[in-house]
1. In debye to the nearest 20, how big a dipole does the range 254-574 give about its Cα centre with +1 on each Lys and Arg Cβ and -1 on each Asp and Glu Cβ?
2. Using only the Cα atoms, work out Rg/Rh for the chain, with Rh taken as the Kirkwood radius, to two decimals.
3. Which whole DSSP H helices in the chain pass both tests: a Cα extent of 20 Å or more along the axis and a mean Kyte-Doolittle value no lower than 1.0?
4. Over the range 230-296, with a single point scatterer placed on each C-alpha, what log10 of the ratio I(q)/I(0) does the Debye formula yield at q = 0.17, 0.22 1/Å?
5. Tell me, in nm to one decimal, what length is gained between LEU315 and GLU437 on full extension, where the rule is 0.36 nm per residue of separation less the Cα-Cα distance?
6. Hey, which aspartates and glutamates would be in cross-link range of LYS285, C-alpha to C-alpha under 12 Å, not counting anything within fewer than 8 residues on its own chain?
7. Straight-line reach from LYS135: which lysines have a Cα under 19 Å away, not including same-chain ones fewer than 8 places off?
8. For ARG385, which sequence-distant residues (separation of 5 or more, or a different chain) have an amide H within less than 5 Å of its own amide H, given hydrogens modelled in the peptide plane?
Amino acid sequence: MSRQLNGIAAGGGIAIAPAYLLGVPDLSVKQQHTDNVNHEVARLHDSFAITANELREICQRAHAQLNKQAAVVVDMQLQLVLADDFQQTIEHQIVANKYTAGYAVKKETDRWLAENASSEQGLHQRRIAMQDLFKRLMSHILGIELPDPSRLKHQAIIVAHSLTPTDIARFDRRYVVGIVSDLGGSTSHFSIMTKEKAIPGVVGTKTATREILDGTSLIVDGIHGRVLLSPTPAEIDEYEKKAGDYAREMESLGVLKHQRTVSADGRHFEIGANLFMPDEIESAKNSGAEGIGLMRSESLFMGRDTLPSEEEQFLAYKKIVADMTPERVIIRTLDIGGDKPIAAIQTPTEDNPFLGMRSLRFSLAHPEIMRPQMRALLRASVYGRLAVMFPMVSTLDEFLAARKVLEEERQKLQAKGIGCARQIEVGMMVEVPAAVEMADQLAQYADFFSIGSNDLTQYMFAADRGNSQVAHLYQTLHPAVLRAIKHTVDAAHAEGKWVGICGEMANNSLATPLLLGMGIDEFSMNSTSILPIRSLIGELHVRQLQPLVHQAMNARNAKEVRQMIIGRVPVLKNFNF
């Protein structure tokens, strides 16, 4: 019997391969002074220049290959390395104190991390970016090579203390067949990435790098969160069979690719794909998506030093809308701030960016950025079925102001003889408690709601899901969240409007029966989740789920809700959650 490590299942199925230990070299430096300041400044400049070039390349790969959270952290690094004040501050340390380049980088990085010690999600991601940037700068200054997973030339399972987005962006999917990490949780960037890329992964093992030697034979069970070390022949046979069963199950779902999503009692639901980059459109279509439920337009603004022009945005939106015709494409307007800074837009530092100038608030405050985007969207609307969605609406006044801008730009285009679609659905995301409470009024003016389950849950409990100290409060199945969703759905339906849901809850098969019973009309999710969720919906009778919804909303906690669902929905025994 082999030794076993337990962690958090990060999806992707099962992998059997040798371990590839992704160690971290010693980049520590002590306080050192120099007699040749000019030489140290030159070393600093060289390090920044090389790092910037590396990050530009990695940034392109990140946006093409990774999920939003991972790509954003790479963007942050590029933004930091291109910021003149960061390099100038370090250079000042060298000149004023005659520090070596390495020690000056360390001292400034330590100061920055100390000043940004909050574990609030946005700052937490900035800290990850800074720590990774520090390693890259120091490796060039010290002449120490960093581990590079892109050099892997045989199939292996990556074992690491933690994985940075720059590590992930360099993975060659032909050779990286699994991931095991000491750190990480179910909502970490690389955990989400393994689900999207169907890479078997187990994260949060705590001790993997201490217990696994390079080359050790491993079995990674990304379904149940297990890692088997030096498995026996019998265990290998057992898991090869399980892997085969899993692959056949995924293959059998392929018959659903060109079918609509219909429950066992005949109700149709729409399942759309999340889209980050325009070139992901083929993947979305091949996954069986019935449209695009969420296109994150901020992707066009990230990883670059300048803002995209109206024409550039128009061409991107046009391609997506035309390629998905006749299905609907929901494009969310610029959603920056919080955990999504953009290098081309200089924004002041905020103590709590998640409660600050972000999303729709930012757009309304910057018409020079918002209006070109509105024009680009309107121009693209004639090429298919486009819906426009405003993010993080807090008040009715905000939403009406946004609709007014859109209408004003429509009138300007029409006056110039530029065509726009006659009917464009204009909706909003429900992500904050204020929008939930005012849903009855908002539903009178919005054509649809999309419930952003990640932010809604976070704001409901005032608990940053990236903060390990309060992450236990982040519970999407808690009765408080369920009541908020049900209230939102009822308010929209009373006005004849439809309601969608996106975020991790939309992918969660355990939540699906409740969402159906509460009346959710549309789901937007990672492409790899579409067919499994479609299969599950096909086995559920919506009318029979009403009593379960009532009981769940009156439960005391998420644990009770989970037990209710498992006990009352037998078909879930065939699904992993």
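1. The calculated dipole for the range 254-574 is roughly 700 debye.
2. My calculation of the ratio gives 0.98.
3. Span-like helices in the chain: 68-82.
4. Relative scattering, expressed as log10 I(q)/I(0), comes to -0.75, -0.92.
5. Difference between extended and current length: 40.1 nm.
6. In chain and number order, the partners are ASP323, GLU327.
7. LYS30, LYS106, LYS107
8. Counting only residues 5 or more places away or on other chains, the set is VAL329.
Throughout, read-outs are computed from the coordinates displayed, never taken from laboratory work. Everything numeric here is computed off the predicted structure, so don't read it as measured data. All Cβ positions, even for glycine, are placed from backbone atoms using ideal geometry, and neighbour counts span all protein chains on display.
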